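Asks: Sharing a structure with you now.
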Amino acid sequence: MSSSSVSAISGAHYRALIHNVNMPVIVHKSDDHVVDVNRAFADLLGYSLPEARGLGPRQFVHPSLIEEHDRGHTQLINGEQLGLSADVDLVRKDGGVIRVKVNKSVARHNAETVVMTVVEGVARQG
């Protein structure tokens, strides 16, 4: 099997894993550009799937937590941490705020670095 075939299969498996899990998941590059997001994540924030794919963390992380988000993101990207867990306030499309527990992990492949955030549960809706 050629390496391009393996990459295509790996990409397909990766997408299936992200889209078939019932937990909200978003994957973005080191520059915060969204690589992928699943339906559960879009539903959690009240967006359609295409809308959610166009979001970046600055559009849904509560403004009071942006600096903390940036610090953690930098630690992951720079390899200071392999993963992070935190309680985070997210802003829904309708303006409502929800507190969620997130787990973030980083993966590197060739020159690309991506961060995957999995939302484990909603702690509070407001």
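Asks: Quick one: P(r) of region 3-125 from all Cα-Cα pairs, 10 Å bins, percents rounded to integers, in order of increasing distance.
Replies: Whole-percent P(r) values from 0 Å outward: 13, 46, 33, 8, 1.
Asks: Between 0 and 90 degrees, rounded to the nearest ten: what's the tilt of helix 66-77 against the longest Cα principal axis of the chain?
Replies: The two axes meet at around 20 degrees.
Where a number appears in this text, it was derived from the coordinates with a stated rule and is not lab data. Values in this document were obtained by computation on a predicted structure and should not be read as measured data.
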